Amino acid sequence: MTRFAFIDREKAHHDVAVLCRLLKVSRSGFYAWLSRPPSARAVADAVLTEQIRTAFDDNRRVYGAPRIHAELAEAGVRVGRKRVARLMRQAGIVGCHRRKQPLSTTRPDPKAEAAPDRVDRKFVATAPNQLWVADVTYVPTVQGWLYLACVTDVFSRMVIGWSMASRRRTDLVVDAVAMAVHRRGGHVPGVIHHSDRGGEYSSHALERELRRHGALASMGSVADCFDNALAESVFATLECELFDQQPAGRFTTRREAKLAVFDYLETFYNPRRRHSALGQIAPATFEARHTLTTAA
């Protein structure tokens, strides 16, 4: 911001003569600047700022500069990322920020036998249905916790299975896996289902469900978030972009929360939300491109 622009912004609160004297500019210079038409750069910045604001509003007001830049690029707007960041900063447009201290929801069963760690923190897949990660998080509501279990395909970051319940039971994770399997055609031989050591994931019911569909169970070590980092990342995004946007940081009812989670996952996260790990492409688009490439 130039000194003249600062004076123009503050002239409603302070005397122009005083501001000019403090900033060591002349009043005549300020009024001459004020009477000039805006420069071509200023006009272009104003137009670009409106385009940024539209992209921000169209994406639930959660995107920061990198994803806004990708939105503009896809729309044919050629602009540098630093310029986008500068204009967002000047316009007070700020994307959401993740929680700093998420609560742990892992409850291991000391009597259960854990599956081997088949991933070893290598969250890499070259095609769909090679590696899935799963976890459970909580959704805060005035009525109490709503638990959410998700299954994410590492290849595309798509949440392919999810389930919600007011109580944390084995059915919660079994239902999420059943949805993921159904979405992938009913049989997924060889896919690795990786989770933490929560009691639900070491249950016989989940073991039977995975074996029935040809999936292999995998578990990280106890109390180590890095062993299931990708699933934790999905939930961090969900918490930042959906849960934390609610008044007072929580939903009013569990039903309201269920509808909001469904809407977020199925109308925004999977089909539209850009992921930096995918080159700022949405999961559904990433999988569709892979399918076309494979077919070709």
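The values are calculated or read from the model by the stated rules, or taken from the named source; none is laboratory data. All figures in this text were calculated on a predicted structure; none of them were measured in a lab. We place every Cβ from the backbone using ideal geometry, glycine too, and count neighbours over all the protein chains shown.
Listed values, structure above:
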| read-out | value |
| --- | --- |
| Some residue of region 122-144 being among the polar types (S, T, N, Q), on the phi > 0 side of the Ramachandran plot and modelled with pLDDT of 95 or more | yes |
| Selection from region 60-80 of residues that are more than 18 Å from Cys96 (Cα to Cα) and surrounded by 14 or more Cβ atoms within 10 Å (Cβ to Cβ) | Leu72, Ala73, Val77, Val79 |
| Region 230-266 - residue that is modelled with pLDDT under 90 and small (Gly, Ala, Ser) and, of those, surrounded by the most Cβ atoms within 10 Å (Cβ to Cβ) | Gly249 |
| Helices (runs of 4 or more DSSP H) within region 185-296 that include 1 or more residues more than 23 Å from the chain's Cα centre (by Cα) and farther than 28 Å from Ala75 by Cα | 204-212 |
| Residue count, region 21-33 (criterion: surrounded by 12 or more Cβ atoms within 10 Å (Cβ to Cβ), part of a helix (DSSP H, G or I) and modelled with pLDDT of 90 or more) | 6 |
| Flag if Asp120 is surrounded by fewer than 16 Cβ atoms within 10 Å (Cβ to Cβ) and under 17 Å from Ser221 (Cβ atoms) | yes |
| Pair list, Cβ < 9 Å and 6+ apart or interchain, from region 31-58 residues that are in contact (Cβ under 8 Å) with a residue 60 or more places away in the chain to residues that are surrounded by 14 or more Cβ atoms within 10 Å (Cβ to Cβ) and of a type in the set (Lys, Arg) | none |
| Region 145-174, subset over 19 Å from Phe251 (Cα atoms), among the hydroxyl-bearing types (Ser, Thr, Tyr) and outside any strand (DSSP E or B), residue modelled with the lowest pLDDT | Thr170 |
